[in-house]
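Here the structure comes first, spelled out in structure tokens, and everything after it is commentary.
The values are calculated or read from the model by the stated rules, or taken from the named source; none is laboratory data. Computed from a predicted structure; not experimentally measured. Don't worry about glycine lacking a Cβ; one is built from the backbone with ideal geometry, like all the others, and counts go over all protein chains shown.
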Amino acid sequence: MCAPRSNYGIVVAVPVLNEAASLPQLITSLLAEGDWPILMLDGGSSDSSRDIIRSHAAASNRLILIDNHGITQAHAINLAAEWADRNGASTLVRIDAHSHYPRGYVSTVARLLTEAAADSVVSLRLVNPQYAKTSWQTAAALFLNHPLGHRGAVYRRANARAGFAAHGHHAAFRLSTFRALGGYDARLPAAEDLDYDQRLRAAGGRIHLQTSHPVTYLPRASLAALFRQYHRNGYGRHLRRPLPMALRAIVITSLITISTFWWIVPLFALGITALLALHAARSRPALFPYVLAVSLAAYGGFAIGRLGSPPRAKTEAVPAPHAQEQAA
């Protein structure tokens, strides 16, 4: 396929893995803006994601399907950066297939790289329960909007101010900087964004948080999917900075001991969590049991991953060859 060259030096990258529910709306909104190429990097979807991409690509040569043999988002963005570099781009914009984006988002985050003299632009990533389609998704939205869930992260608070930040939801990269730093660490099944931001700041790079065009994130629609997500995130952080074996043994032994002999301690912790979950569900009291289950699944999954237990899902990525473009 002969891909279009953007007049603005922008390439948009969208990692995809079984996102059929959100892809039609996302693709339509992306095609409504600009003239830049949009890379859909599929990690082996088993649903109708690839068919949806192909049907839209048949009507627009801006949309390009690429096989992401490495599966993970880190591999997908690295492939996109390689493609963008070969095709003369200077800016890479990362789009999450599990989100809604306001009109003008791509051009705004790309422009801010220059206006803010930044190496990377990050965005607010907010959650709106109105977009939820299941009770579990609504509960996850209530959880993520509460300090119990967002844990004070600046980029997840609607009242955050624009300016330089330490971390955020990745939006746009200065391609030369991204490539010079080696891109994402493709060994990580998750937390590749946190790892990149820390390496970027250590190298003297600057990260700008934009707040004018917030991203609306769509939480996982089931409890099992949410547990897997947090487990993967915890394991990604384990791979970045493993806890010492001795400390892990102490933590696990302590948990077993407390649960067995000092049952009042975990019972107290569960009570505190229940109170926080009740507060998070104050606008939808009937969803309190769901919010409580979501909070336990999120923290439990993260803790299990952080202690070094690998996810069951495929995360061992194989080295990917040059991006293979798929004809529509």
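Listing for the model above:
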{"read-out": "Residues located in the stretch 230-244, provided they are under 29 Å from Arg161 (Cβ atoms) and surrounded by 22 or more Cβ atoms within 10 Å (Cβ to Cβ)", "value": "Tyr230, Gly236"}
{"read-out": "Residues located in the stretch 183-204, provided they are touching a strand residue (DSSP E or B) at 6+ places or on another chain (Cβ under 8 Å) and either of a type in the set (Phe, Trp, Tyr) or over 14 Å from Gly168 (Cα atoms) (or both)", "value": "Tyr196"}
{"read-out": "Hits in the stretch 98-108 - residues which are closer than 15 Å to His208 by Cβ and either within 17 Å of the chain's Cα centre (by Cα) or among the aromatic types (Phe, Trp, Tyr) (or both)", "value": "Tyr105"}
{"read-out": "Unmet criterion (only one of (1) free of Cβ contacts under 8 Å to residues at least 60 places away in the same chain; (2) farther than 17 Å from Ala153 by Cα; (3) surrounded by 16 or more Cβ atoms within 10 Å (Cβ to Cβ)) for Arg174", "value": "(1)"}
{"read-out": "The stretch 153-166, subset outside any helix (DSSP H, G or I) and in contact with a helix residue (DSSP H, G or I) (Cβ under 8 Å, 6 or more places away or on another chain), residue nearest to Ala281 (Cα to Cα)", "value": "Arg157"}
{"read-out": "Residue match in the stretch 170-177 (condition: in contact with a His (Cβ under 9 Å, 6 or more places away or on another chain) and not in a strand (DSSP E or B))", "value": "no"}
{"read-out": "Total residues in the stretch 179-228, condition under 18 Å from Thr138 (Cα atoms) and not in a strand (DSSP E or B)", "value": "11"}
{"read-out": "Some residue of the stretch 122-140 being over 26 Å from Ala281 (Cβ atoms) and hydrophobic (A, V, I, L, M, F, W, C)", "value": "yes"}
{"read-out": "Test result for Asp185, over 26 Å from Arg111 (Cβ atoms) and at pLDDT 95 or above", "value": "yes"}
{"read-out": "Count of residues meeting criterion [closer than 16 Å to Leu275 by Cβ and outside any helix (DSSP H, G or I)] in the stretch 128-152", "value": "1"}
{"read-out": "Test: residue in the stretch 232-253 that is of a type in the set (D, E, K, R), in the same structural domain as Ala81 (by TED's automatic domain parsing), touching a helix residue (DSSP H, G or I) at 6+ places or on another chain (Cβ under 6 Å) and touching a residue at least 24 places away in the same chain (Cβ under 8 Å)", "value": "no"}
{"read-out": "Lone qualifier among Arg237, Arg282, Arg248 - being out of contact with any strand residue (DSSP E or B) (no Cβ under 6 Å at 6 or more places or on another chain), under 23 Å from Phe143 (Cβ atoms), in a helix (DSSP H, G or I) and basic (Lys, Arg)", "value": "Arg237"}
{"read-out": "Helices (runs of 4 or more DSSP H) lying entirely in the stretch 1-115 (those with 1 or more residues that are touching a residue at least 12 places away in the same chain (Cβ under 8 Å) and among the hydroxyl-bearing types (Ser, Thr, Tyr))", "value": "23-31, 49-57, 105-115"}
